[in-house]
Each structure stands twice: as structure tokens, then as C-alpha cells.
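The values are calculated or read from the model by the stated rules, or taken from the named source; none is laboratory data. What you are looking at is a predicted structure, and each value in this text was computed from that prediction instead of being measured. Neighbour counts run over all protein chains shown; Cβ positions are idealised from the backbone, glycine included.
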Amino acid sequence: MKSLKMKKEFKVIAELLPNNTRVLDVGCGDGSLMNFLKEEKNIEVRGLELNQENVQQCIHKGLPVIQGNAETELHQFPDQSFDYVVLSQTLQAFYNPEEVLKNLLRIGKAVVVSIPNFGYWKVRMKLLFFGEMPVTKTLPNTWYNTPNLHMCTIKDLFKFCYEKNINIKQVVGVNEDKTSLIKKNNLEIKNLFSKLGIFLIG
Amino acid sequence: MPSLAGLFFWMNRKIENINKITITKPLKLDCGKTIKNFPLAYETYGKLNENKDNAILVFHALTGDQFVTGTNPVTNKEGWWVTAVGPGKAIDTDKYFVICANVIGGCMGSLGPKDTNPENNQPYGLDFPVITIKDMVKAQESLLEHLGIKKLLCATGGSMGGMQLLQFCATFPDKAFSAIPIACSSSHSAQNIALNELARQAIMADPVWDNGKYVSKNVQPKNGLAVARMVGHISYLSEKGMQEKFGRKLQEKADYEFSFNADFQVESYLRHQGYAFVERFDANSILYITRAMDYFDLSKQYKGGLVEAFKNQNTKFLVISFSSDWLYTTKENKDIVIALNASGADVSYSEIVTDKGHDSFLLNEPEFLKTLKGFIDSMYEKFKNEKRI
């Protein structure tokens, strides 16, 4: 593989996606994940992105991207029109994450969602011992300027999927460079030591 | 100032010297009539390379013509898209071969209502057949054949140019590797039909128009045509853009004149635009071309609507809209994107935030031009690679 510089999270997501599939990257940023998927896995990618500058960067890279807001504009994608839909670390920023997830599951045959884990021990410590809203590397904003409206933990998203009858295919916990599979039997401990949770559902 | 008749004579003489092909193949028009052996005027910029993979077809808008950039040899003014097309520009003529043809129904050398009807040796006037966007596009496809271009690197156009482009992609799905429809719509809205009707009524209310027979008298219904142009110019700007540009500023005077002269700058601007226009455009052409726009409804041509129109598209699309455009709104442009998405086409979309209204695509809008350039350059790389394979 070419040494495309990419964060660990994207590497994990890329590993979850089989070659030669059709993938929609919701909130695709400057297209670095899309580029990787296209070049290395021959995946047919599409992106949805709100920020003008990011959209321009994708277009310059020759990546198909639609400028738009995932909260309000997912309806434009037909049912089951993609093999996979990817949503990286933005679920918690939507006004109505439940509705967005429903839409993603409608568009894709399966969905990859990653969340910053509010159950990570440092986050819990900050609130428990200092009585302050946690500010960490994965959660860099303060309470008054954070885009995150619906913070949740890996355990919360597990529970959500059970309650809504959403099939969980695989969950990966990420802490810096280390990754581990999360199952029912190690959920409590992994919920404490993972900075990120990456869910393959649907 | 030369008399209008003299001006017409002078323009017609100049028009005789521009590039033209005669399309001998009969073209069956949507209205049922057939035209053949008709002229199609065009202009090219840059050089077609050996592989013939650097050709870009530009479709012009309602009052445009084939003179995209440089100096228009007939009007001696700058080409209408000089901001985007030229050496080193977003559509770089040092690199790409740019083609633009005058639409049929127009008045810059292609067959139009001011030409002579071979049946009676009189100018066509209203005997000219009603044409459609599809007819325009079919005529231009013959030009590509003439130039020996099998597949375009890109086709693009704004406003009515974008409408022609959508039609072109639907009718000839394999002719363009990529396409950039800008500030357009897949069917003309009620508001746009209404504005076009206003323009037509202004022309037809001018007694000089005389049921379109003015051409043989070497006159032009310039008052009506000027009002038609003014309507257009209002619709090309945005409320905010207009307020910022003109506000309530007075035209070279300290106070109101208490008359109906152009006291306000905005009035003066409209009058100037209106009367400058009559020197270069034919009133009957406005009737015919606005009609073609009004009749445009791509979804109506295909059972199953717009999604069906774009089925089996291999063309890579970039749709661009402008936030303050109220003539061809972001919503209308997004509807195109939705249909392309639903048909499984490769589509990108960008909304450029600007106060400059519909006119933005003709102006120096850096974000727009950067997006245009980025897309075309990346498509060129892909097209070259694809051809190699």
C-alpha cells in the first residue's frame, strides 16, 4: 500500500469496507478518506459536505462531492443506493441524531458510525473530580462553543441499537494507535478505555 | 451615431465574415417542421490536440453568442465569458480547445428569424418555425461531427446554456466526459415564463414591431426591445446586490429633477443596458429564444421524469448554483442533483455564496472560478488516463 497519511480512525473504517463497493461518506471533509478508499480499495465513493472550502478541495481531487447539510439533505439519496454509508464523528452534532441514523440505514445496506466516547476514563475523571465539562483531544471544545449537542458513550450507542432493533455487526474501540474489538462481555472495560467507538451496523 | 438601418447593414456585413458551417442534414424540429441547408455560426479558441481529448463545448445563454472571450468582432466588445475563458483562466485556452456556437433562432450568424425565407425571399419574421432547446442542441451536435470530435472533455453553460447542456447530456449520453450545468433548471418555472412573457409583450407592444415584419423595413422595435432587456437585467441581479450597487443614488445630479428623466442611477443603468442591447440583438430572436426556454421541460420528454432522462449517464457532473440567484434558484439546481443522484450518475454540487444574483456566473467570482478550474483540470487528468487504458 502507498503510504497515504491517514489517521487511525480512517484506517479502521477502511478495513471495515470491502473492495469494489459503493460508499457514501457523510461529512467527508477534504476527501482524504474518500481518496484512500478510491485509490486503495477501488471503492466508488461519493461525499456530502457542508463546508465550501472542503467541497472545493474534494472537487480539485476529482472526488464527487455534494455540498449540503446531512441534517436536512439526506432525503436526496434513494433507498439502499449505497453498500455502505460512513459517518465519522458527527452523529453527536446533529439536532436529531436518531433521524439521521434512520436515514443512513435507509440509504446504505450497512452503516459505519464513529463517535467520540464520552465514557472514556479521562472524560469521566474530569467531570467527577473537577466538576467541569471535559475538554480532551477528541473533545477539544468548551461547553459554550461545542458543536456536540448529543454526547454519548460507546455503551449508550450499544443500548440504542438494541432498543431500536438495529443489528450490530462489529464494534471497534480506538485508543491512540491501539484498536480492539468490543463485545457484550468486554463492553464495560472498553467503554472506559476507548477514545473512539467505531460501529458497523445495519 | 450611424442610423439604425446603417448599423444593421454594417452588422450584417460583419456577420458574413464569421465562421459558419452549413448543415445539410435535415433537422426535424420539435414543432414538426424540418430545416436543412442552414448556417450554424461558431467560434473556437485554443488548439485541438492530437488525441482530440481537450475539447470543451460552451453553450451560451439567452442574449449570448459564440464570441465567448477576446473581442467580439461584430460588437467590438469583450466576449461574454471573458472572466472564465481565456489564456490562464479557469477554462484555460492555452490548454483546452473551446468551442461555442450561436444557437439557431439567434442573430449572430446561425439561422434565425431575420434571415431570408427561401420560400418567398422575404425575411422570416414570424414565419420562422418555433424552435426548442432540443433543436438548438441537435444543431450543435452536427458541429461536433464537422470538427471531428467524438467525445468532449467537458460541456458547460450557464442559465439557458445550462438548460442546453442538460438536454445535450440526455439526448447524447456518450458525447461528454464531464458536464458543468451552472445556474439553470431542468424545466422553466412559472416565474421565469412570466418574466419572459413580460419581455415578449414589451416587444410586441412596440408599433414598430408590426407582427415581426419590421426586418424588411430595416428598422428595429428598439423601445420594446430595450424594455425587454431591462426586465432581464432586473432579474439577473439580487435585491441586496442592487441595493448595494445603486441604493437611492442620483445620476449626476444633486437633487430630484421633478420629471421623468432618469434621476436615479438604477434607472440610468437600466436605460443604458436596454438601449445598448438594441444595437446588437434582434427583437424577433428574443421572442423565439425565450419561447424555447419556456417550452423546456426535460422531465416531460421522458416517461418516468427527470431520473429517466439521466439514466445510463457516464458523464461526470458538477452542478453549480449561486445563493442569491432568484431566477434559477439553488432549489431548482438541487433538484437536478437529486435526479442525477437517483439515476446513479456521478455528480458533484456546489452552492457559491454571493450577493450578485444570477449574473454571478459571468462575473469575477473567485470561489466559482476556482471550483470550475479545479473540476475541469481534474477531469482532464481522468479523461487522459481513461483514453490511455
**Message:** For segment B:276-312, which positions are assigned to a helix (DSSP H, G or I), on the phi < 0 side of the Ramachandran plot, free of Cβ contacts under 8 Å to residues at least 60 places away in the same chain and of a type outside the set (Val, Ile, Thr)?
**Reply:** B:276, B:308
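Residue-wise test of (1) under 15 Å from the mean Cα position of the chain (by Cα); (2) more than 24 Å from residue A:180 (Cβ to Cβ); (3) in contact (Cβ under 8 Å) with a residue 24 or more places away in the chain.
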residue: A:13; (1), (2), (3): yes, no, yes
residue: A:25; (1), (2), (3): yes, yes, yes
residue: A:29; (1), (2), (3): yes, yes, yes
residue: A:45; (1), (2), (3): no, yes, no
residue: A:58; (1), (2), (3): no, yes, yes
residue: A:62; (1), (2), (3): no, yes, no
residue: A:67; (1), (2), (3): no, yes, no
residue: A:94; (1), (2), (3): yes, yes, yes
**Message:** Tell me the residue from B:141, B:119 that is more than 27 Å from residue B:275 (Cβ to Cβ) and at pLDDT below 95, please.
**Reply:** B:119
**Prompt:** Mind checking which residues of segment A:1-46 are charged (D, E, K, R) and either surrounded by 15 or more Cβ atoms within 10 Å (Cβ to Cβ) or modelled with pLDDT of 95 or more (or both)?
**Reply:** A:8, A:9, A:11, A:15, A:22, A:25, A:30, A:38, A:41, A:44, A:46
**Message:** Name the single residue that is nearest to residue B:170 (Cα to Cα) among those in segment B:317-334 being within 9 Å of chain A (Cβ to nearest Cβ) and not basic (Lys, Arg).
**Reply:** B:317
**Prompt:** Given the conditions (1) farther than 26 Å from residue B:209 by Cα; (2) without any contact (Cβ under 8 Å) to a residue 40 or more places away in the chain; (3) not β-branched (Val, Ile, Thr), and given that residue B:118 satisfies all but one, which numbered condition is not satisfied?
**Reply:** (1)
**Prompt:** Which condition breaks for residue B:235 when tested against (1) over 30 Å from residue B:128 (Cα atoms); (2) touching a residue at least 24 places away in the same chain (Cβ under 8 Å); (3) surrounded by fewer than 22 Cβ atoms within 10 Å (Cβ to Cβ); (4) among the hydroxyl-bearing types (Ser, Thr, Tyr)?
**Reply:** (1)
**Message:** The conditions are (1) in contact (Cβ under 8 Å) with a residue 12 or more places away in the chain; (2) over 24 Å from residue A:83 (Cβ atoms); (3) of a type outside the set (Lys, Arg); (4) not in a helix (DSSP H, G or I), and residue A:143 fails exactly one of them. Which is it?
**Reply:** (1)
**Message:** So residue A:38 ticks every box in (1) without any contact (Cβ under 8 Å) to a residue 40 or more places away in the chain; (2) of a type outside the set (Ser, Thr, Tyr); (3) touching a Leu at 6+ places or on another chain (Cβ under 9 Å); (4) on the phi > 0 side of the Ramachandran plot but one. Which box is left unticked?
**Reply:** (4)
**Message:** Checking the structure you have, find out if any residue of segment A:85-94 is within 11 Å of another protein chain (Cβ to nearest Cβ) and crowded, with 19+ Cβ neighbours inside 10 Å.
**Reply:** no
**Request:** Specify which of the listed residues (A:135, A:86) is within 25 Å of residue A:193 (Cα to Cα), among the hydrophobic types (A, V, I, L, M, F, W, C) and assigned to a strand (DSSP E or B).
**Result:** A:86
**Tabulated pairs, segment B:374-389, first more than 7 Å from chain A (Cβ to nearest Cβ), second assigned to a helix (DSSP H, G or I), C-beta under 9 angstrom, 6+ apart or interchain** = B:377/A:60
**Request:** Mind counting the residues in segment A:40-54 that are facing chain B (nearest Cβ under 10 Å), farther than 20 Å from residue A:94 by Cα and part of a helix (DSSP H, G or I)?
**Result:** 1
**Message:** Need the failing condition index for residue B:260 against (1) of a type outside the set (Lys, Arg); (2) assigned to a loop (DSSP other than H, G, I, E, B); (3) in contact (Cβ under 8 Å) with a residue 60 or more places away in the chain, just the number.
**Reply:** (3)
**Asked** Within segment B:374-389, how many residues are closer than 15 Å to residue B:51 by Cβ and either of a type in the set (Gly, Ala, Ser) or not in a helix (DSSP H, G or I) (or both)?
**Response** 1
**Selection from segment B:137-184 of residues that are of a type in the set (Asp, Glu), touching a residue at least 24 places away in the same chain (Cβ under 8 Å) and assigned to a helix (DSSP H, G or I)** = B:141
**Request:** Name the single residue, out of those in segment B:338-373 being of a type in the set (D, E, K, R), in a helix (DSSP H, G or I) and more than 7 Å from chain A (Cβ to nearest Cβ), that is nearest to the chain's Cα centre (by Cα).
**Result:** B:359
**Message:** Could you go through segment A:69-76 and let me know if any residue there is aliphatic (A, V, I, L, M), more than 10 Å from chain B (Cβ to nearest Cβ), surrounded by fewer than 24 Cβ atoms within 10 Å (Cβ to Cβ) and on the phi < 0 side of the Ramachandran plot.
**Reply:** yes
**Complete:** Those residues of segment A:179-202 which are over 16 Å from residue A:115 (Cα atoms) and in contact with a helix residue (DSSP H, G or I) (Cβ under 9 Å, 6 or more places away or on another chain) amount to A:183, A:184, A:188, A:202
**Request:** Would you mind stating whether residue A:129 is farther than 19 Å from residue A:13 by Cα and loosely packed, with under 14 Cβ neighbours inside 10 Å?
**Result:** yes
